[in-house]
Ligand SMILES: Nc1ncnc2c1ncn2[C@@H]1O[C@H](COP(=O)(O)OP(=O)(O)OP(=O)(O)O)[C@@H](O)[C@H]1O
Ligand SMILES: [Mg+2]
């Protein structure tokens with residue numbers, strides 16, 4: 001549908017991004033998005049859903065609208081607006097951030113022809129921490145159910161957390177049933193004791209709340225707050241890479257995010273407070289040029305590896321404070337960029353070494369985020385990290401993919417995929433009562449409907465107000 005055919009608000013009546021409170025869904029299912037596949041739930045999906053990812057980055061806010069159906073995700077609209085309200089991945093000016101979110105949402109609504117009410121929002125910043133934990137629970141009926149999994153994960157998350165911090169994700173690394181370990185999905189297995197080893201991702205509560213507050217000031221409901229590299233991983237990593245071990249490195253404007261996958265599960269997450277903006281600031285200082293010009297020079301002529309630049313290449317550098325422009329060797333620009341990029345990758349290398357998981361990253365590293373668009377980034381990363389490196393761009397979606405093809409859209413698209421997987425998982429938990437078949441005499445066709453006594457049973461259970469049922473009511 002073209003934007004011109006839309007009503008003034010940009011929204012199409014009747015097409016509304018639905019409300020899904022999946023913060024509680026996570027605690028119900030306990031399964032990370034990597035263990036929730038849209039395709040596994042295909043048979044249960046009869047309608048389409050609109051899922052919106054809101055990437056509030058240091059340099060831009062990007063809203064991505066996806067339509068989810070049984071065949072996967074179709075990107076319907078994108079709103080991408082510069083943002084100056086964050087410093088190093090953390091909201092530092094609410095008003096500026098709110099303005100950018102509003103503009104991005106408005107643009108995405110207009111393009112997609114849907115009214116956006118609910119979003120999956122990203123969060124990052126050096127306040128993110130990763131902690132190991134474990135839990136044990138009795139298996140109630142001799143066979144592991146989703147509720148047993150929920151109980152054991154609830155136990156694993158019961159560790160002391162500072163009053164000003166909150167748990168963002170509970171990421172199971174493995175389950176054990178009695179003495180058998182290394183289990184990825186224990187549901188349906190027989191035993192008496194269920195154990196789990198998890199990684200808990202925690203974040204400063206104030207930073208998470210500021211993201212939620214900014215979205216709410218734009219009239220949005222936040223279905224879930226997702227660690228940005230967790231979202232990026234959804235869009236750029238393959239299941240094979242996750243399985244054999246991979247490092248995801250998202251070089252953004254204000255932060256560089258690191259996520260390690262080992263044996264199919266997230267083994268480490270951390271955020272480094274440096275990114276492409278530091279490179280720009282170095283260029284501005286080193287070449288004595290305004291920040292805007294430094295950014296332009298970086299994008300047009302920047303190269304992370306000095307030796308990849310020819311000796312005879314020249315660039316024109318605009319002066320600052322009324323000084324005239326001057327010509328200089330492009331190599332000089334690279335000589336400014338190279339040490340900063342080297343520093344960022346050296347810190348990443350050290351973080352990986354400190355986890356003790358370096359040898360387990362058989363698939364090497366995948367670079368994403370806008371910062372890796374600079375020439376020479378993958379080559380330089382390979383040298384410093386000492387492993388194969390590839391560029392990661394969003395995959396696994398259809399529709400207007402050309403608008404989200406670059407690595408700077410990995411988080412926005414990944415948030416939609418995360419949301420779609422969370423919805424599919426929630427749908428899998430919805431009880432489907434056995435059907436009875438009757439003949440609708442008026443329309444002369446067969447009608448299938450839940451057995452009346454089962455409908456009644458479900459109604460009574462729902463009334464009982466358990467956490468599971470209240471979550472189900474909120475989600476659907
Ligand atoms: N062609 C390019 N060459 C070099 N750098 C680029 C290019 N395009 C974008 N960048 C850089 O990418 C960075 C922005 O990347 P991205 O959009 O992923 O960041 P962000 O999500 O806004 O920030 P963060 O994730 O750190 O909060 C900026 O520093 C920008 O200068
Ligand atoms: Mg980002």
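The values are calculated or read from the model by the stated rules, or taken from the named source; none is laboratory data. None of the values given here were measured: they were computed from a predicted structure. A quick note on method: Cβ atoms are made from the backbone with ideal geometry, for glycine too, and the neighbour counts reach across all protein chains shown.
Please go through the range 88-101 and give me each residue that is surrounded by fewer than 19 Cβ atoms within 10 Å (Cβ to Cβ) and either modelled with pLDDT under 95 or touching a strand residue (DSSP E or B) at 6+ places or on another chain (Cβ under 9 Å) (or both), ordered by number.
The answer is 92, 93, 96.
Write out, first by first residue and then by second, each pair whose Cβ atoms fall under 6 Å of each other, whose residues are 6+ apart or on separate chains, and whose first residue, in the range 278-299, is within 11 Å of residue 319 (Cα to Cα) while the second is within 16 Å of ligand 2 (Cβ to nearest atom).
Listed by first residue and then by second, the contacts come to 294/280.
Could you please let me know if residue 394 is without any contact (Cβ under 8 Å) to a residue 40 or more places away in the chain and either in contact with a strand residue (DSSP E or B) (Cβ under 9 Å, 6 or more places away or on another chain) or more than 30 Å from residue 79 (Cβ to Cβ) (or both)?
It is false that residue 394 is without any contact (Cβ under 8 Å) to a residue 40 or more places away in the chain and either in contact with a strand residue (DSSP E or B) (Cβ under 9 Å, 6 or more places away or on another chain) or more than 30 Å from residue 79 (Cβ to Cβ) (or both).
If residue 269 satisfies every condition in (1) closer than 21 Å to residue 354 by Cβ; (2) more than 16 Å from ligand 1 (Cβ to nearest atom) but one, which is the exception?
That leaves (2) as the condition not met.
Within the range 220-300, which strands (runs of 3 or more DSSP E) (wholly inside it) include 1 or more residues that are over 17 Å from residue 368 (Cβ atoms) and away from ligand 2 (no atom under 14 Å from the Cβ)?
Fully inside the range 220-300 and qualifying: 221-227, 256-262, 265-272.
Exactly one condition in (1) under 24 Å from residue 397 (Cβ atoms); (2) within 15 Å of ligand 1 (Cβ to nearest atom); (3) out of contact with any helix residue (DSSP H, G or I) (no Cβ under 6 Å at 6 or more places or on another chain) is not met by residue 236; state its number.
For residue 236, the failing item is (3).
Kindly establish whether residue 366 is within 16 Å of ligand 2 (Cβ to nearest atom), under 30 Å from residue 56 (Cβ atoms) and assigned to a helix (DSSP H, G or I).
When the stated conditions are applied, residue 366 does not pass them.
If I ask for residues that are away from ligand 2 (no atom under 16 Å from the Cβ) and surrounded by 16 or more Cβ atoms within 10 Å (Cβ to Cβ), which ones from the range 191-204 would you list?
191, 194, 195, 196, 197, 198, 199, 200, 201, 202, 204
Among the numbered conditions (1) modelled with pLDDT of 95 or more; (2) in a loop (DSSP other than H, G, I, E, B); (3) farther than 16 Å from residue 108 by Cβ, tell me where residue 394 comes up short.
It is condition (3) that residue 394 fails.
Determine which member of the set 353, 342, 382, 338 is over 23 Å from the mean Cα position of the chain (by Cα), exposed (fewer than 13 other Cβ atoms within 10 Å of the Cβ) and part of a helix (DSSP H, G or I).
None of the others qualify; the one that does is 353.
Regarding the range 107-120, can at least one residue be identified that is in contact with a strand residue (DSSP E or B) (Cβ under 6 Å, 6 or more places away or on another chain) and closer than 24 Å to residue 258 by Cβ?
yes
Could you please find all residues in the range 178-190 being surrounded by 12 or more Cβ atoms within 10 Å (Cβ to Cβ), on the phi < 0 side of the Ramachandran plot and assigned to a loop (DSSP other than H, G, I, E, B)?
184, 185, 186, 187, 189
From the set of residues in the range 306-324 that are in contact with a strand residue (DSSP E or B) (Cβ under 8 Å, 6 or more places away or on another chain), in a loop (DSSP other than H, G, I, E, B) and within 20 Å of residue 380 (Cβ to Cβ), which is farthest from ligand 2 (Cβ to nearest atom)?
311
Could you please find all residues in the range 287-314 being more than 13 Å from ligand 1 (Cβ to nearest atom) and either buried (at least 17 other Cβ atoms within 10 Å of the Cβ) or closer than 15 Å to residue 341 by Cα (or both)?
Scanning the range 287-314 gives 287, 289, 305, 306, 307, 308, 309.
Given the conditions (1) in contact (Cβ under 8 Å) with a residue 12 or more places away in the chain; (2) surrounded by fewer than 19 Cβ atoms within 10 Å (Cβ to Cβ), and given that residue 160 satisfies all but one, which numbered condition is not satisfied?
Condition not satisfied by residue 160: (1).
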